[in-house]
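The values are calculated or read from the model by the stated rules, or taken from the named source; none is laboratory data. Here the structure is a predicted model, which means the values were calculated and not measured. FYI the Cβ positions are ideal-geometry reconstructions off the backbone, even for glycines, and counts take in every protein chain you see.
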Amino acid sequence: MRLAGRCSLFLTLAACGASLASAQSAVDIGISFGNAWDKANASGIENAASANAFGSCSTSSGDIDCLPASSLNGFFLGFGGDIMLYKKFGVGAEFQIQPAQKNYGPLQDRQIFYDVNGIYQPIATKRVALRIEGGIGGARTSFSYSQSGCVGTAVCTTQSEPVGSATHFQVHAGVGVQIYITEHLFVRPQFDYRYVTNFTQQFNSNSVPAATIWVGYDLGGH
C-alpha cells in the first residue's frame, strides 16, 4: 500500500502534465539509470543458525555466526517527472529503487529513495538547460531472508520471507545538465546528494552520493 501511494504521486504528476502542456508549461517525464554509494558500518548480524538469529553482533568478537553488514551500491532504476511553472522555476518528484536484492549479512536488502523537489534553471536554452534541485523525502531499506527446501531430489524451491524494514527522512539535492536530442527527447546526466537521518543504523554514513542518467520526454514547450 505504501509503495502504491508513492507511485500514485507520479501518476498524478503525469495527469496534471497533460493539461498543463497545452498552456505551454514545460512538463517532463523520465526514467533514470544509476548508482548510489555508502560504505558498510562496523556492525554485524547473526545468521539463522545462531541462538540470536538476525540479532546484532560484533564482527571483531570471533563469533563464527556473526556476518558483517554490507555496503550500499548497485544498480538503481528511477522514475520521475517535473513541471516548470516558469522558465526558471518548477517542481518535481522522483522515485529510485534497486530492482534486484543484494546480500546484507545473512539477509537480502533492497533500497528505495523518494523525494519531492523545487527546481531552478539558471540556464535554459532550446537545446540545453542547467538544473539545480532540492527537496525532501524518504529512504526505505527492506530486508528479507531466503531459504531453500527440497522434496526428495525432484523438487526444490527457494522462498523469500520479509523480516522487516527501516524508513528514514532524507534531504535531497541534485544538479544536472539537460540536453535535448530532439525538440522533446532529452538526456540528463545528474549528480545527487542525499542526507538521510539515522542511516548509520544500516550503513556507514548519513551522506549518500549518487550518479544517474535520465532519459525523458518533454510534453510541453521549453
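Checked against (1) small (Gly, Ala, Ser); (2) more than 30 Å from Tyr104 (Cα to Cα); (3) within 14 Å of the chain's Cα centre (by Cα), Gly220 meets all criteria but (3).
Taken as a whole, segment 34-46 holds at least one residue that is more than 16 Å from Ala166 (Cα to Cα), at pLDDT below 95 and crowded, with 20+ Cβ neighbours inside 10 Å.
Looking only at residues in segment 75-90 that are among the hydrophobic types (A, V, I, L, M, F, W, C) and out of contact with any helix residue (DSSP H, G or I) (no Cβ under 9 Å at 6 or more places or on another chain), the one that is modelled with the lowest pLDDT is Met84.
Of all the residues in segment 128-163, those that are modelled with pLDDT of 90 or more and small (Gly, Ala, Ser) number 8.
Per-residue answers, yes or no, for (1) within 21 Å of Trp37 (Cβ to Cβ); (2) in contact with a helix residue (DSSP H, G or I) (Cβ under 6 Å, 6 or more places away or on another chain); (3) surrounded by fewer than 14 Cβ atoms within 10 Å (Cβ to Cβ):
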residue	(1), (2), (3)
Ala139	yes, no, no
Ser144	no, no, no
Cys156	no, no, yes
Glu183	no, no, yes
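Given the options Ile64, Ile45, name the one that is out of contact with any strand residue (DSSP E or B) (no Cβ under 7 Å at 6 or more places or on another chain) and of a type in the set (Val, Ile, Thr). Full working, then the answer.
Values: Ile45 fails: out of contact with any strand residue (DSSP E or B) (no Cβ under 7 Å at 6 or more places or on another chain).
When all the criteria are applied, what remains is Ile64.
Applying the criterion of being within 30 Å of Thr125 (Cα to Cα) and of a type in the set (A, V, I, L, M, F, W, C) to the residues of segment 158-181, the residue that is surrounded by the fewest Cβ atoms within 10 Å (Cβ to Cβ) is Ile181. Scoring Glu94 on the criteria (1) within 21 Å of Val215 (Cα to Cα); (2) at pLDDT below 95; (3) crowded, with 17+ Cβ neighbours inside 10 Å leaves a single failure, condition (2).
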